[in-house]
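The values are calculated or read from the model by the stated rules, or taken from the named source; none is laboratory data. Computed from a predicted model, the values in this text were never measured in an experiment. Please note: Cβ atoms are built from the backbone with ideal geometry, for glycine as well, and neighbour counts cover all protein chains shown.
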């Protein structure tokens, strides 16, 4: 993945608003690192389906939970899927409806995924999934048993065919004729943050009050890794 090099394909070539796009690996890594929920697009029985699911990244591999996709791949091996990760940073409220928009960061990854069957890789992939959303949780809780591993569907996708698009900043009509209308314009930030941890009602009182440090540290932090 790089400028307009060999990593660019017909699926990832940026055609519209190319100035907002990138094929640089560091830009892809930044968008993926900021999240933990993706949308997995796959064809199931000839019908397109988009499934929200957790993901994790390790090196050049993107791991996703994918029971629906894995069943489809068993029936149609070699099928291409599409994974998207999107962060919404704000509503761009302009002076005209035409110039309204969204500040966002989005990554799109294409490829033929592998159904992970090797127990060691499956453990690495599940660790990546867990740590992506909850750093420190993998070492805190019990690891999966062999039976649980066998019952878990995990897909691995190489990060070789991908593109990134972002939009930031104020409306684009500040120097247009509409600027003379005397209307307010700007950006309404969108902030999604973790709240105060809520203990399981089944916990004894002493455990309910003892929130682990790695969980307490997440409280109040932005979910999408953005600023603010």
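Those helices (runs of 4 or more DSSP H) of region 109-228 in which 1 or more residues are assigned by TED's automatic domain parsing to the domain that holds residue 37 and either farther than 28 Å from residue 27 by Cβ or without any contact (Cβ under 8 Å) to a residue 60 or more places away in the chain (or both) occupy 119-133, 137-140, 146-150. Among the residues making up region 95-115, a single one is over 20 Å from the mean Cα position of the chain (by Cα) and crowded, with 17+ Cβ neighbours inside 10 Å: 95. Being in contact with a strand residue (DSSP E or B) (Cβ under 6 Å, 6 or more places away or on another chain), in the same structural domain as residue 159 (by TED's automatic domain parsing), over 24 Å from residue 149 (Cα atoms) and in a strand (DSSP E or B) is a property that does not hold for residue 53.
A residue that is over 14 Å from residue 82 (Cβ atoms), within 12 Å of the chain's Cα centre (by Cα), surrounded by fewer than 20 Cβ atoms within 10 Å (Cβ to Cβ) and touching a residue at least 24 places away in the same chain (Cβ under 8 Å) occurs somewhere in region 37-46.
Let's see how each residue does on (1) crowded, with 16+ Cβ neighbours inside 10 Å; (2) at positive phi; (3) in the same structural domain as residue 156 (by TED's automatic domain parsing); (4) modelled with pLDDT under 80:
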residue	(1), (2), (3), (4)
48	no, no, yes, no
67	no, no, yes, yes
70	yes, no, yes, yes
80	no, no, yes, no
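Has region 85-105 got at least one residue that is closer than 21 Å to residue 48 by Cα, in contact with a strand residue (DSSP E or B) (Cβ under 8 Å, 6 or more places away or on another chain) and touching a residue at least 60 places away in the same chain (Cβ under 8 Å)? Within region 85-105 (the criterion being closer than 21 Å to residue 48 by Cα, in contact with a strand residue (DSSP E or B) (Cβ under 8 Å, 6 or more places away or on another chain) and touching a residue at least 60 places away in the same chain (Cβ under 8 Å)), the answer is no, since none of the residues qualifies.
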